[in-house]
Amino acid sequence: MKRARVPRAFGAEPGDAAPSAEALRHVADFLSWLSVERGAPGTTRMAYAADLDQLARALAARGADVGEPSAVTHRDIQAWVGALYRAGLAKSTMARKLAAARSFFRYLQRQGLVTANVAAQVHNPRQERRQPRILNVEETAALLSAEPAPPATTPQEATLRLRDLALAELLYGSGLRISEALGLDVDDLQLAGGVARVMGKGGRERMAPLSDASREALHAWLAERPYLAQADSPALFVGARGRRLDRREASRRIARLCREAGLDVTVSPHALRHSFATHLLDAGADLRSVQELLGHRRLATTQRYTQVSLERLMRVYDAAHPRAKKD
């Protein structure tokens with residue numbers, strides 16, 4: 001099995017303690033296992049690789065070695081998390097890095113290289129509770145019907161405009177993650193049946209329904225896509241050079257739609273997914289159905305949207321009901 005390359009951690013200095021060759025081998029084996037056995041996408045493997053390289057360097061600086069994982073203790077992991085805290089990292093980032101360490105030591109445990117998952121003995125930093133940013137129905141409608149400013153002056157600009165609207169309609173109409181939408185190939189669409197085959201987190205496949213507006217926008221984009229896409233590219237959404245559209249450019253284009261719609265805020269592509277879920281629940285959809293549509297493994301993940309809906313409902317009540325308490 002070919003081993004995955006382990007990149008140098010972002011921000012690592014030349015004088016940092018270097019991981020041992022055995023440590024790098026363990027990490028590379030884990031990344032290859034993630035790819036072959038778990039089908040983890042490249043973005044996940046790259047994030048894990050950077051986090052584990054950082055962990056290996058931090059442990060090496062303490063005299064510990066991932067190459068001898070049975071000698072690593074939970075206090076070593078705690079010291080690493082403490083260093084992340086002192087560096088000013090967001091708690092969500094710290095939790096993600098700790099999750100990578102837990103997965104790595106769980107793998108080592110399965111391989112018989114350690115008897116306990118020491119990373120699992122370290123608690124996540126307490127998270128600030130943040131609700132996802134969403135658009136209301138009127139704001140969403142404005143974004144999806146925004147007029148270009150200035151109007152498109154070239155055929156390519158007009159084609160890119162159709163692509164952006166098709167992407168936005170798909171994100172909102174089907175509640176896709178941006179990675180899921182950009183990972184779609186043309187063959188994944190079944191426009192006649194009104195569904196798309198989506199590969200979600202953990203390699204879990206699902207069929208996502210397409211709204212009528214999304215199908216119309218996709219039809220318009222697919223009619224123009226051949227003028228932009230390279231002949232050998234299967235990607236549904238392509239960039240100006242004809243290859244698969246990347247997340248950074250997709251975020252810029254969604255932000256541009258927000259500005260053209262005259263919204264007070266610009267939102268990320270993921271906010272359209274949040275809006276999809278919240279609007280469904282506001283309209284009376286049951287939580288289990290929304291869970292299936294979003295591709296969530298755990299119902300608890302979907303339940304956070306009920307809190308968003310409740311808070312919105314209470315604000316409307318407080319503002320409008322004559323017997324509500326007014327400040």
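The values are calculated or read from the model by the stated rules, or taken from the named source; none is laboratory data. Predicted model, so just to flag it, every value in this text is computed and none were measured. Cβ placement follows ideal geometry from the backbone for every residue including glycine, while neighbour counts extend to all protein chains displayed. Areas reflect the complete protein model, heavy atoms only, side chains present, ligands, DNA and RNA absent. Shrake-Rupley method; radii C 1.70, N 1.55, O 1.52, S 1.80 Å.
General observations
- Out of Arg248, Arg259, sole residue that is open to solvent by 50 Å² or more (accessible area, probe 1.4 Å) and under 18 Å from Arg133 (Cβ atoms): Arg259
- Any hit, region 214-229, residues being farther than 17 Å from Leu162 by Cβ and surrounded by fewer than 17 Cβ atoms within 10 Å (Cβ to Cβ): no
- Unique match (being more than 26 Å from Ser32 (Cβ to Cβ) and outside any helix (DSSP H, G or I)) among Gly88, Gly112, Gly67: Gly88
- Within region 106-126, residues that are under 17 Å from Ser92 (Cβ atoms) sit with their Cβ atoms under 9 Å from residues that are loosely packed, with under 15 Cβ neighbours inside 10 Å and aromatic (Phe, Trp, Tyr), at 6+ positions apart or across chains, in these pairs: Pro125/Tyr85.
- Only a single criterion out of (1) open to solvent by 30 Å² or more (accessible area, probe 1.4 Å); (2) modelled with pLDDT of 90 or more; (3) under 30 Å from Met199 (Cα atoms); (4) over 21 Å from the mean Cα position of the chain (by Cα) is not satisfied by Met1, namely (2).
Listed here are the residues, each with its yes/no results for (1) touching a Pro at 6+ places or on another chain (Cβ under 9 Å); (2) touching a residue at least 60 places away in the same chain (Cβ under 8 Å); (3) of a type in the set (Lys, Arg).
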site: Arg225; (1), (2), (3): no, yes, yes
site: Pro234; (1), (2), (3): no, no, no
site: Gly239; (1), (2), (3): no, no, no
site: Arg248; (1), (2), (3): no, no, yes
site: Ser251; (1), (2), (3): yes, yes, no
site: Ile254; (1), (2), (3): yes, yes, no
site: Ala277; (1), (2), (3): yes, yes, no
site: Asp286; (1), (2), (3): no, no, no
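- Of everything in region 164-207 that is open to solvent by 40 Å² or more (accessible area, probe 1.4 Å) and among the polar types (S, T, N, Q), the residue that is farthest from the chain's Cα centre (by Cα) is Gln190.
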